[in-house]
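The next block holds one structure in the form of structure tokens; read it before the comments.
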Amino acid sequence: KAGVTQTPRYLIKTRGQQVTLSCSPISGHRSVSWYQQTPGQGLQFLFEYFSETQRNKGNFPGRFSGRQFSNSRSEMNVSTLELGDSALYLCASSLALGSGANVLTFGAGSRLTVL
Amino acid sequence: GDSVTQMEGPVTLSEEAFLTINCTYTATGYPSLFWYVQYPGEGLQLLLKATKADDKGSNKGFEATYRKETTSFHLEKGSVQVSDSAVYFCALSDRNRDDKIIFGKGTRLHILP
């Protein structure tokens, strides 16, 4: 079956612009999580969505937002981009919340470079 | 709060050497524990997991045992290969916290031929 698909894979933006990243989860998975990965900070949790509702949120400023659609696809948006937003943004899907052993399946990521 | 601490890298070994990557955790309840691996240019993928104390997860020659008494989940492999070069992440999922996944910072592993 198809894995988690993230688009675009690579993008370059300039400071002050905004960006939207897309994630299509594995068919049947209803939970989608987003992570930011940088060499200095490692993997940092951004937010998690389940059934179109944000269930958990990490410690990021309000410039970072997301949403989930009825087909479980998710988008995240970063407004007023800063140089420090350059990172690999990873999306992961899982079957459901509260499964007790919440295995995540990750996409390959969207690499954002802010100039 | 919950946390995961793993040994800092990079770890450099020769092919066929024995590998240990240490991981300890702090959690309020009884978490499930995971090792994920990230190969160059890819996202993370599950390597193995254990859901209760004394469980041993294993996959691709890697093993890790859930040790509640030492709050540890160390990753081991008896004979590493060049293809094992990757970044390894220890993680926990705490049922008391809506199964939120907490990751360690990752350990980069280099295997020399």
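The values are calculated or read from the model by the stated rules, or taken from the named source; none is laboratory data. A quick note: this is a predicted structure, and the numbers were derived from the prediction, not measured. No Cβ is skipped: glycine too gets one built from the backbone with ideal geometry, and neighbour counts run over all protein chains shown.
Worth pointing out:
- Hey, B:Glu15 more than 12 Å from chain A (Cβ to nearest Cβ) and in contact with a helix residue (DSSP H, G or I) (Cβ under 7 Å, 6 or more places away or on another chain) or not: yes
- When residues in the stretch B:77-113 are screened for being in a strand (DSSP E or B) and not β-branched (Val, Ile, Thr), 15 of them pass.
- Yes/no for B:Leu46 being surrounded by fewer than 20 Cβ atoms within 10 Å (Cβ to Cβ) and within 10 Å of the chain's Cα centre (by Cα): yes
- Taken as a whole, the condition of being surrounded by fewer than 13 Cβ atoms within 10 Å (Cβ to Cβ) and either closer than 27 Å to B:Val87 by Cα or in contact (Cβ under 8 Å) with a residue 60 or more places away in the chain (or both) applies to A:Pro39.
- Failed item, numbered, when A:Asn59 is tested on (1) surrounded by 14 or more Cβ atoms within 10 Å (Cβ to Cβ); (2) in a loop (DSSP other than H, G, I, E, B): (1)
- B:Ala50 within 12 Å of another protein chain (Cβ to nearest Cβ), closer than 30 Å to A:Arg55 by Cβ and of a type outside the set (Asp, Glu): yes
- Of all residues in the stretch B:72-101 being among the β-branched types (Val, Ile, Thr) and buried (at least 20 other Cβ atoms within 10 Å of the Cβ), the one that is farthest from the other protein chains (Cβ to nearest Cβ): B:Val80
- Test: residue in the stretch A:11-20 that is touching a Ser or Thr at 6+ places or on another chain (Cβ under 8 Å), within 11 Å of chain B (Cβ to nearest Cβ) and surrounded by 15 or more Cβ atoms within 10 Å (Cβ to Cβ): no
- Pairs linking a residue in the stretch B:28-42 that is under 10 Å from B:Arg95 (Cα atoms) and facing chain A (nearest Cβ under 8 Å) to a residue that is in a loop (DSSP other than H, G, I, E, B) and at pLDDT below 95, with Cβ atoms under 7 Å and 6 or more positions apart or on different chains, are B:Ser32/A:Gly100; B:Ser32/A:Ala101; B:Ser32/B:Thr51.
- Qualifying residue in the stretch A:5-14 (condition: on the phi > 0 side of the Ramachandran plot, of a type outside the set (A, V, I, L, M, F, W, C) and either in a loop (DSSP other than H, G, I, E, B) or modelled with pLDDT of 95 or more (or both)): no
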